[in-house]
1. Take the residues of segment 271-306 that are charged (D, E, K, R) and closer than 19 Å to Gln368 by Cβ: which is surrounded by the fewest Cβ atoms within 10 Å (Cβ to Cβ)?
2. Considering segment 333-364 alone, what residues qualify as being among the β-branched types (Val, Ile, Thr), under 20 Å from Phe113 (Cα atoms) and touching a residue at least 40 places away in the same chain (Cβ under 8 Å)?
3. Looking at (1) modelled with pLDDT under 95; (2) surrounded by fewer than 20 Cβ atoms within 10 Å (Cβ to Cβ), find the lone condition where Asp309 falls short.
4. With the requirement that a residue be closer than 14 Å to Ala83 by Cα, part of a loop (DSSP other than H, G, I, E, B) and in contact with a strand residue (DSSP E or B) (Cβ under 7 Å, 6 or more places away or on another chain), what does segment 136-158 give you?
5. Looking at (1) over 24 Å from Val409 (Cα atoms); (2) without any contact (Cβ under 8 Å) to a residue 40 or more places away in the chain, which one does Val312 not meet, given that it meets all the others?
6. Considering only residues that are over 12 Å from Arg304 (Cβ atoms), open to solvent by less than 40 Å² (accessible area, probe 1.4 Å) and not in a helix (DSSP H, G or I), which ones fall in segment 315-324?
7. For Leu295, are the conditions met, namely being of a type in the set (A, V, I, L, M) and either within 16 Å of Ala352 (Cβ to Cβ) or touching a residue at least 60 places away in the same chain (Cβ under 8 Å) (or both)?
Amino acid sequence: MARRFFGTDGVRGRANDDPMTAEMALRLGQAAGRFFKTGGHAHRAVIGKDTRRSGYMIENALTAGFTSVGMDVFLVGPVPTPAVGFLAHSMRADLGVMISASHNPFQDNGIKFFGPDGFKLSDEDEEAIEALLDAAPSLAEPGQIGRATRIDDGRGRYMEFAKTTFPRGQRLDGLKVVVDCANGAAYRTAPDVLWELGAEVVTLAARPNGFNINDGCGSTHPELASRAVVEHGADLGISLDGDADRVMIIDETGAVADGDQIMALIADRWGAAGRLASGTLVATVMSNLGLERHLATQGLRLLRTAVGDRYVVEAMRAGGYNLGGEQSGHIVMTDYVTTGDGLIAALQFLSAMVETGQRASELARVFQPFPQLLRNVRYRKGAAPLEAESVRAAIAAAEARMDGHGRLVIRKSGTEPLVRIMGECEDPGLLREILDEIEAEAVKFA
C-alpha cells in the first residue's frame with residue numbers, strides 16, 4: 001500500500017498547508033482513536049508538543065478528533081519526544097502523540113504516534129491508520145464523548161525518570177556544562193536535570209516564543225554551544241534539537257562530536273562491561289565507515305538499517321539489541337528508553353567523564369572518520385530525479401570511479417522533497433568531484 005501522509009517520522013509538513021492542517025489533525029485523531037479503541041477498558045491518548053506556535057492549533061484539533069470518537073486525552077504540554085513514549089507507557093495509555101517537526105524551522109510541524117508500549121508505530125500500523133482516513137469517523141454517542149485533562153506534572157515525571165538512568169553514587173559536582181535547548185521542548189527539562197545532578201549549568205536558547213525553535217541554535221547549529229563552551233571555560237557542551245530526541249556533544253575545546261562518536265563511546269564501554277547485547281550496535285546506512293571499522297577492532301559488530309530512528313529501533317527489537325542510533329544524534333538505549341533521547345545520551349557521556357576522570361576531548365574522539373560529504377538537492381513537485389536515466393547513469397559512473405575505496409548512499413528524503421546525496425571516500429578530492437557530478441544532474445529537477 002502506498003503511504004500518502006506518513007513519512008519516516010510521522011506526518012510532517014508546513015503548518016496550515018496540506019497535510020499539516022487542523023482538518024488533517026482532526027481526522028488523524030479520529031482515525032488513530034478508532035484504530036486503538038480495542039477492548040472494554042477506558043481509552044486514553046497522551047499528547048505532548050514542542051514550542052511551535054502551530055502546536056496549539058494541532059493539539060486542539062487532535063484533541064477534538066480523539067474525544068469525538070470516545071477517547072480521553074491527557075495533555076502534557078511542551079515535553080521532549082522521548083517523554084511522550086515514556087508517559088504513554090507509564091500512564092497505561094493506548095497511544096501517545098508528539099506534535100513536533102524535530103529539527104525543522106518553526107514554519108513546519110508534525111505528528112508522531114507511539115503505541116501503548118512507548119515505541120513508535122510500525123509501517124503497518126501507520127498504513128492502517130491512513131486507510132481509516134478515507135472512512136467515515138466512528139463518532140461516539142453524546143454520553144460517550146471523551147474528555148481532555150491537562151497533566152501539569154508530566155515534565156516532572158520524565159525528569160525524575162531521566163535521573164534514574166544516571167548511575168547511583170555519581171554526581172556532576174565540579175563540572176560546568178553548557179546546554180543548548182534549541183528554544184524547544186527541553187528548555188526546562190535539560191537544564192533542571194543537569195543542575196539537580198550537581199552541574200554548574202550555562203543555559204542557551206531556552207526562551208521559546210513560538211517562532212525561534214531551531215533558529216540558529218540546537219543540534220543543527222552546534223556552533224552556538226561551541227562558542228559558549230570556549231567563552232565560559234566549560235567542561236562540556238550539549239546541543240539538543242527542537243524535540244530533544246537528538247544530541248551533539250561539544251568538548252572543552254569547542255570541537256563537535258556527532259552521533260557516530262557518541263555511539264562508539266557507549267558501545268565500547270558497554271561492550272567492555274558485557275552490557276552490549278550480542279556485541280552489536282545498530283545504526284543507519286549514513287553512519288561513517290570509520291565507525292564500522294573501529295567496532296571491528298573491538299570485536300563488535302555494526303548492523304545497518306534504512307535511515308530513520310524508527311527503523312533502527314525496529315531492528316533493535318527484532319534482534320534483541322540494546323544500543324543504536326544515527327549519525328545525526330539520535331541515540332537509542334532500550335535499556336532505558338523507547339526512542340532517541342538527547343538528554344539521556346548526554347548523561348551517559350557525562351557518566352563516562354565522571355567515572356574515568358577524562359576530559360570530554362579524550363572521550364569524544366573514538367575513531368578517525370572517513371571523509372564524508374552530504375548534499376541536499378530540492379526537487380520540484382511531481383519530479384522523480386532518482387528515476388531519471390541521467391541521474392542513475394551519474395551514480396553508476398561515480399560508483400565505478402570509487403572502485404571499492406568508498407561508498408555512496410543516495411535516497412529520497414522521507415520528510416521533504418529532497419534528494420540526499422552522501423558519499424565517503426579515502427580520497428576527499430575524488431569524493432568532491434563525484435558528488436558534484438551527481439548533484440549537477442539532480443539539480444536539473446529543481
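The values are calculated or read from the model by the stated rules, or taken from the named source; none is laboratory data. This one's a predicted model, so the numbers in the text were calculated from it and none came from an experiment. Note that we place each Cβ from the backbone using ideal geometry, even for glycine, and neighbour counts take in every protein chain shown. Calculation scope for accessible area: heavy atoms of the full protein, side chains included, ligands and nucleic acids excluded. Shrake-Rupley method; radii C 1.70, N 1.55, O 1.52, S 1.80 Å.
1. Filtering first and then ranking leaves Arg293.
2. Scanning segment 333-364 gives Val337, Thr338, Thr339.
3. Unmet for Asp309, out of (1) modelled with pLDDT under 95; (2) surrounded by fewer than 20 Cβ atoms within 10 Å (Cβ to Cβ): (2).
4. Ile151
5. (1)
6. Within segment 315-324, Tyr321, Asn322, Leu323 qualify.
7. no
Table: residues versus (1) under 30 Å from Phe119 (Cα atoms); (2) open to solvent by less than 10 Å² (accessible area, probe 1.4 Å); (3) touching a residue at least 24 places away in the same chain (Cβ under 8 Å); (4) outside any helix (DSSP H, G or I).
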| residue | (1), (2), (3), (4) |
| --- | --- |
| Ala225 | no, yes, yes, no |
| Ala228 | no, yes, yes, no |
| Glu231 | no, no, no, no |
| Gly237 | yes, yes, yes, yes |
| Ala244 | yes, yes, yes, yes |
| Thr253 | no, no, yes, yes |
| Gln261 | yes, no, yes, no |
| Arg269 | yes, no, yes, no |
